[in-house]
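This report concerns only the one structure given below.
Every number in this text was worked out from the coordinates using simple rules, so none of it is lab data. These figures come from a predicted structure and were not determined experimentally. Note that we place each Cβ from the backbone using ideal geometry, even for glycine, and neighbour counts take in every protein chain shown.
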Amino acid sequence: MEVQEEVKSSLLISDKHHPFVYLKIQLTFENGEEDVNELTPVQFKFLVMQAIKETLGEIGASTPVDILKLWDEGLAILRVPSIEAEKIWAALTLYSTTATQKKCAFRVLQASAFLLALSVNSRDLR
Amino acid sequence: MVRFKNRYALCEVIVPGQENGSINFTKSKLYRAIKQSIISNHGDYGIGALDQSLRVIYINTGTRIVLIRAERKYFHMVTSAIIFIRKIGLHDVIFKTLHVGGSIRQCFKFLIKYHQKSFPSMYQSCQTEDDKIKVLESIIDACDASTSVKALMDKIS
């Protein structure tokens with residue numbers, strides 16, 4: 001058997017700067033105080049903006065955050081500019097009480113620079 | 001050892017409606033107004049970053065000049081927050097940042113130059129002869145620049 005020369009392999013996805021980061025988030029309420037399925041996209045966005053305003057203030061809240069999709073059980077895909085992504089991620093994580101004193105939490109399930117990457121979650125694979 | 005780097009902002013407080021009047025609020029009132037503005041504009045993150053280093057160093061009620069100190073890394077938050085201050089106590093105010101410097105000394109050097117530049121307009125706006133003489137005397141005093149920085153530095157320490 002011949003010994004093959006060392007095979008160099010590399011996988012380059014992209015080395016460019018990406019303008020956006022996509023976050024898959026889930027909103028949960030403590031003890032089912034409020035039904036997340038009944039939330040409208042506007043109400044959901046309001047809660048996201050509340051979270052950002054609390055930790056980053058009015059100037060932080062001026063960053064363009066878009067909700068691309070809202071499913072049942074409070075699952076949503078957020079698009080944020082990559083420069084502000086960590087800050088907004090942190091702001092979402094720190095949010096704990098709504099304006100009506102209900103305890104809630106944003107869970108960031110997945111984050112990626114590519115929207116396609118959110119289509120599958122390796123943690124759900126069997 | 002590493003030096004703790006600060007930045008200093010020299011601001012003029014403009015009171016709308018009375019251009020040459022004096023201001024009457026204390027250092028602590030101004031500090032609270034700046035703090036409140038940082039909380040509303042930069043949130044918990046902003047106040048967490050600046051709470052340690054934010055301080056009002058100098059306030060001159062006659063010339064309406066204030067000097068604010070904060071950590072260099074997050075100083076952009078202070079400069080953006082102060083322009084949103086519209087009220088201190090019951091007074092309407094507008095902040096105009098004249099100079100941003102790395103030390104108190106540099107800020108005062110600028111301040112002296114800034115005041116010297118305003119002498120000609122002061123002289124022209126004089127109503128009486130006595131006022132004109134006073135301004136002229138001030139101009140002569142200002143020519144001796146070597147002592148004036150020291151005098152200002154002594155005043156605040």
Could you work out how far helix A:85-94 tilts from the main Cα principal axis of chain A, as a 0 to 90 degree angle to the nearest 10?
-> 50
Note, segment A:102-118: 3J(HN,Hα) by Karplus (6.51, -1.76, 1.60, θ = phi - 60°), whole Hz, Gly/Pro = x, goes 9, 7, 8, 8, 9, 9, 8, 7, 9, 9, 7, 7, 10, 5, 4, 5, 7
Point-to-point label distance, B:H115-A:M49, nm (Cα→Cβ direction, 7 Å offset) | 4.7
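For a footprinting-style exposure proxy, rank B:Y31, A:Y95 by other Cβ within 10 Å, fewest first. Kindly include the intermediate steps, with their values, before the conclusion.
On the way: B:Y31 15, A:Y95 20.
So the residues, fewest neighbours to most, are B:Y31, A:Y95.
Can you list which of the GluC sites (Glu not before Pro) found in segment B:1-97 are DSSP loop residues with at most 10 other C-beta atoms within 10 Å? Each step should come with its number before you reach the end.
Numbers: sites: B:E12, B:E19, B:E71; in loops: B:E19.
Hits after loop and neighbour filter: B:E19.
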Once the dipole of the protein assembly as shown is set up from charges on Cβ (+1 Lys and Arg, -1 Asp and Glu), the residue from the list B:Y58, A:G32, A:L118 lying farthest towards its positive end is B:Y58
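Give B:K5/B:K113; A:K87/B:K29; A:K103/B:K35; A:K87/B:K87; A:K45/A:K69; B:K113/B:K134 a once-over and call out the pairs whose C-alpha atoms are over 21 Å from each other.
Details: B:K5/B:K113 25 Å; A:K87/B:K29 31 Å; A:K103/B:K35 28 Å; A:K87/B:K87 30 Å; A:K45/A:K69 11 Å; B:K113/B:K134 19 Å.
Violating the 21 Å limit, Cα to Cα: B:K5/B:K113; A:K87/B:K29; A:K103/B:K35; A:K87/B:K87.
For B:L98 and B:K73, calculate 0.36 nm times their separation in residues minus their Cα-Cα distance, and state this gained length in nm to one decimal. Present the calculation step by step, with values, prior to reporting the outcome.
Numbers: separation 25, 0.36 × 25 = 9.00 nm, distance 1.99 nm.
Answer, rounded to one decimal: 7.0 nm.
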Relative contact order (percent) for chain B, with alpha-carbon contacts under 8 angstrom and 6 or more residues of separation?
-> 30
Candidates B:Q124, B:Q52, B:Q116, ranked by Gaussian network fluctuation over chain B, Cα under 10 Å, top entry | B:Q124
Identify the residues of segment B:52-78 with backbone N under 19 Å of a label point that sits 7 angstrom from the Cα of B:D131 along the Cα-to-Cβ direction, or state none.
-> B:62-64
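Determine one quarter of the surface area of the Cα convex hull of segment A:50-97, which equals its mean projected area, and express it in nm² to one decimal.
Numbers: hull surface 13.9 nm².
For segment A:50-97, averaging the hull's shadow over all directions gives 3.5 nm².
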Fewest-first ranking of A:R79, A:R126, using other Cβ atoms within 10 Å as the exposure measure | A:R126, A:R79
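Evaluate the Kirkwood expression for the hydrodynamic radius of segment A:20-113, namely the inverse of the mean inverse distance over all pairs of different C-alpha atoms, and round to one decimal in Å. Numbers along the way, then the final one.
Values: mean 1/r = 0.0763 Å⁻¹.
Over segment A:20-113, the inverse of the mean reciprocal pair distance is 13.1 Å.
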Which order do B:T97, A:T98 fall in if you start with the one that has the fewest other Cβ atoms within 10 Å?
-> B:T97, A:T98
GNM on chain A, Cα springs under 10 Å; top mean-square fluctuation among A:T93, A:T55, A:T40 goes to A:T40
